[in-house]
1. Grab the Cα-Cα distance for Tyr168 and Tyr262, subtract it from 0.36 nm times how many residues apart they are, and report the gain in nm with one decimal.
2. Once fully extended, how much extra length lies between Ala101 and Tyr52, figured as 0.36 nm per residue of separation less the alpha-carbon to alpha-carbon distance?
3. Mind sorting Thr231, Thr206 by how few other Cβ atoms lie within 10 Å of their own Cβ, fewest first?
4. As an exercise, use a Förster radius of 45 Å and the Cβ-Cβ distance of Leu160 and Gln211 to find the FRET efficiency, rounded to the nearest 0.05.
5. Which whole-Hz couplings ³J(HN,Hα) result when phi for each residue of region 245-253 is put into the Karplus expression 6.51 cos²θ - 1.76 cosθ + 1.60, θ = phi - 60°, listed in order with x for Gly and Pro?
6. Mind scanning Lys89/Lys157; Lys171/Lys207; Lys105/Lys207 and naming the pairs with a C-alpha gap bigger than 20 Å?
7. Fewest Cβ neighbours within 10 Å first, please rank Phe83, Phe25 accordingly.
8. Which length gain, in nm to one decimal place, applies between Trp281 and Tyr178 when the Cα-Cα distance is subtracted from 0.36 nm times their residue separation?
Amino acid sequence: MKKFLILLIFLSCNLVKIQAQAPQFSQFYANPLYTNPAYAGDAGTPRFIANYRNQWASIGIPFQTAAFSFDSYAEDAGIGLGFQALHDKRGPALSSSQLSAQISKLVYLDGQKELRLIGGIQGSWTSNSWNGDDLTYVSQFLGSTDPMSTNGLSSNKLTLSGGAVLEYVPKYEEDISYWLSGAWHNIGINNALSIEHQRVNIQLGTKIPIQIPAFFGNNLGRDMNRESALTMAVQVRKQGPSRQMDAGFNVIYSPLLVGLWYRGMILGNTRRDAAIGTVGWASGNMLFQASYDLPVSSLGFDTGAFEISIWYGIDALFRFSGKGAQNRRGRKCLRY
């Protein structure tokens, strides 16, 4: 019965226009191009990213989303370029594929090059499809045929997205950095503007370096040139009537990364969603990160989600054990 109710709610929100809420990632910070096109080139080096999310698998109606992206950065020109392919399968009937390209431009706002403004735009092609072959319809029990059970539906559209990041990145790594970002996604091109389809998100965050205690052995951690910091962020996202907030922190002590996040609104009857625990390994050219959404809503604990992210950089992405500061480019990779 629970499976039927969840599927019924899902389908009732999507049959009319073959569109749903955009896929979400609990590790939104590990999928930067999907979050904001201004993050293209954020690593300061050519970077490959793979993301995978599996939600509601335990109740037999999984929502699965996979994304693969590549971005790079021309430091002399201050220009970042990116590309992403994303596929989203929502239950047994709806699927969506998206190809997108991003370009960003960095401008320094002060002579010390510590205050930076980055703007970015994205062009996307999205294909949505509906296949009702594996579903049972009420009309079938009444002796008639539902047209949705025999006709597949599809739609294709081009959209634009834009975003900006204002960040303070101090010259010395021992100082605190801050950033404020915003993005407006899915602005229609070949179809009428739809407020329900557009997605807006705003982020505020900080990265606080952590000094490793001396009792680790004559400042051994500093001698090993570990990257250690506390990062905290808040993201608010809105699409149509749906609103969502993500807030939490990650602790980086390379090669280890652990974090705790909360998704849900502060006010309202349906404010609770999930608590998210994450653990990762970030060293040199690689980042591997896994997380699990523990539901705290009325849907129950069997509606959780598992997510993994893998990064690979052509040059070093993270400092650890001999990876010196000279390997870090003008734009910091591990923002969160």
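1. 31.3 nm
2. Working it through step by step, the gained length comes to 15.7 nm.
3. Least to most surrounded, the residues fall as Thr206, Thr231.
4. Plugging the Cβ-Cβ distance into 1/(1 + (r/R0)^6) gives 0.55.
5. Values per residue, Gly and Pro as x: 10, 10, 8, x, 8, 10, 10, 9, 9 Hz.
6. The answer is Lys105/Lys207.
7. So the residues, fewest neighbours to most, are Phe83, Phe25.
8. Between Trp281 and Tyr178, full extension yields an extra 34.7 nm.
Readers should treat all values here as calculations from the given coordinates under stated rules, not as data from a laboratory. Owing to the predicted nature of the structure, the values given are computational and were not obtained by experimental measurement. Note that we place each Cβ from the backbone using ideal geometry, even for glycine, and neighbour counts take in every protein chain shown.
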